[in-house]
Amino acid sequence: MIGEKKVLFSGMQATGNLTLGNYLGALKNWVSLSDEYECFYSVVDMHSITIRQDPAELRKRARNLLTLYIAAGLDPKKNCIYYQSHVSGHAELAWILNCFTYMGELNRMTQFKDKSAKHADNINAGLFTYPVLMAADILLYQADVVPVGIDQMQHLELTRNIAERFNNLYGDVFTVPEPYIGKVGAKIMSLQDPSKKMSKSDENPNGSIYLMDDPDTIMRKCKRAVTDSEACIAYRDEQPGIKNLIDIYSACTGKTPQETVAEFAGKGYGEFKPAVGEAVISVLKPLQDEFARLSKDKAYIDSIIKENAEKASYVSTKTLRKVQRKVGFPDRIR
Ligand code: ATP
Ligand code: LTN
């Protein structure tokens, strides 16, 4: 708790262009939760370098992502929006937690398996211990709740195990966090292969709608989305392409999948697909406009970066000092 409120932590990597999946699965929920919790939203640039990055590009993407958090509706005066790399406690706690995490646990992480298969020429130790840095992010702020898409559940489960292990040894040091998975949009699939999640690192750009896609591109991608020959709009696993479009439409319009099915009862894909396109455009266009406006205001964004890094450092240092004391590091002399 900070004051009256419970604490929320989440983060996103500044790698690749953000997709509609990132927005509906994560960012949109962040905004809806931001009044209820004391929120920390980090641009997790330290996680990004587990895959080789172009430095200038990473710096640019990180700033764009931070700006996008604000453009999506997170008020940076109320929510702590900051760069992970600006708060040294993340790395310091991650080191300590590395010593409380087992190789066997990390070996089971499916994201590590996927990413090391994809980047076979660079399977570095950071990629392996990536989930420990994520645990440090969360535990450093004593987060009660962590909104993520389903793909991050395994990492969150590990975070809980590490926290409980530490607490069993040293008393109640960490809050054990709960995941928050949104009801609609928790897993948006690729428009070209509905068995795969929509992902910013997908090689096929037609599979993903990017947050910065223009309206024509969005409409074209929706119209070309892979569906089936059933020719009926039903929400069922046998029609994964249509199910995904129903999820997208519902998440964008605030309807339930059942309401969407009822709305399009008896209608064909030729009518449904453009409606999905319109729904997506109506969500992304205002986001893009606000992003363009904010991007021009360098002084404002800079001030947010500075203020919030200070706030995050202040809050996180409290946990860090406590942990350092528990494991037996000598007290600092003031
Ligand atoms: P990459 O393709 O590089 O692995 P990604 O698109 O999966 O990236 P992340 O940075 O790993 O994106 O995820 C940021 C947030 O967006 C996480 O909370 C994740 O759960 C959520 N997310 C990512 N893809 C989807 C998706 N297709 N549907 C719903 N949520 C998603
Ligand atoms: N691993 C996450 C990003 C991430 C995160 C976090 C999410 C890093 N630290 C802490 C929630 C809480 C991802 O790839 N989406």
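The values are calculated or read from the model by the stated rules, or taken from the named source; none is laboratory data. Just so it is clear, the structure is predicted and the values come from calculations on it, not from any experiment. Quick reminder, even Gly has a Cβ in these numbers, built from the backbone with ideal geometry, and neighbours come from all protein chains shown. Accessible surface areas use protein heavy atoms only, side chains included; no ligands, DNA or RNA. Shrake-Rupley method; radii C 1.70, N 1.55, O 1.52, S 1.80 Å.
Would you mind listing the helices (runs of 4 or more DSSP H) fully within the range 206-288 where at least 3 residues are open to solvent by less than 10 Å² (accessible area, probe 1.4 Å) and polar (S, T, N, Q)?
none
Conditions (1) in contact (Cβ under 8 Å) with a residue 40 or more places away in the chain; (2) under 23 Å from TYR300 (Cβ atoms); (3) touching a helix residue (DSSP H, G or I) at 6+ places or on another chain (Cβ under 7 Å), marked per residue:
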site: SER48; (1), (2), (3): no, no, yes
site: GLY73; (1), (2), (3): yes, yes, yes
site: LYS78; (1), (2), (3): yes, yes, no
site: TYR83; (1), (2), (3): yes, yes, yes
site: LEU93; (1), (2), (3): yes, no, yes
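Taking the range 1-15 as the range and being within 11 Å of ligand 2 (Cβ to nearest atom) and either open to solvent by 10 Å² or more (accessible area, probe 1.4 Å) or of a type in the set (Asp, Glu) (or both) as the test, the residues that pass are GLY11, MET12, GLN13, THR15. Kindly indicate whether ASN168 is more than 13 Å from ligand 2 (Cβ to nearest atom), closer than 30 Å to LYS311 by Cβ and part of a helix (DSSP H, G or I). Judged against the criteria, ASN168 is not a match. Within the range 97-115, the residues that satisfy the criterion of being more than 16 Å from ligand 1 (Cβ to nearest atom) and surrounded by fewer than 18 Cβ atoms within 10 Å (Cβ to Cβ) are ASN98, CYS99, PHE100, TYR102, MET103, GLY104, GLU105, LEU106, ASN107, ARG108.
Scanning the range 140-162 for residues that are away from ligand 1 (no atom under 15 Å from the Cβ), open to solvent by 10 Å² or more (accessible area, probe 1.4 Å) and not in a helix (DSSP H, G or I) yields GLN142, ASP144.
Of the residues contained in the range 43-65, none is found to be modelled with pLDDT under 95, part of a helix (DSSP H, G or I), open to solvent by less than 40 Å² (accessible area, probe 1.4 Å) and not hydrophobic (A, V, I, L, M, F, W, C). SER34 meets all of the listed conditions (1) out of contact with any helix residue (DSSP H, G or I) (no Cβ under 9 Å at 6 or more places or on another chain); (2) open to solvent by less than 10 Å² (accessible area, probe 1.4 Å) but one, namely (2).
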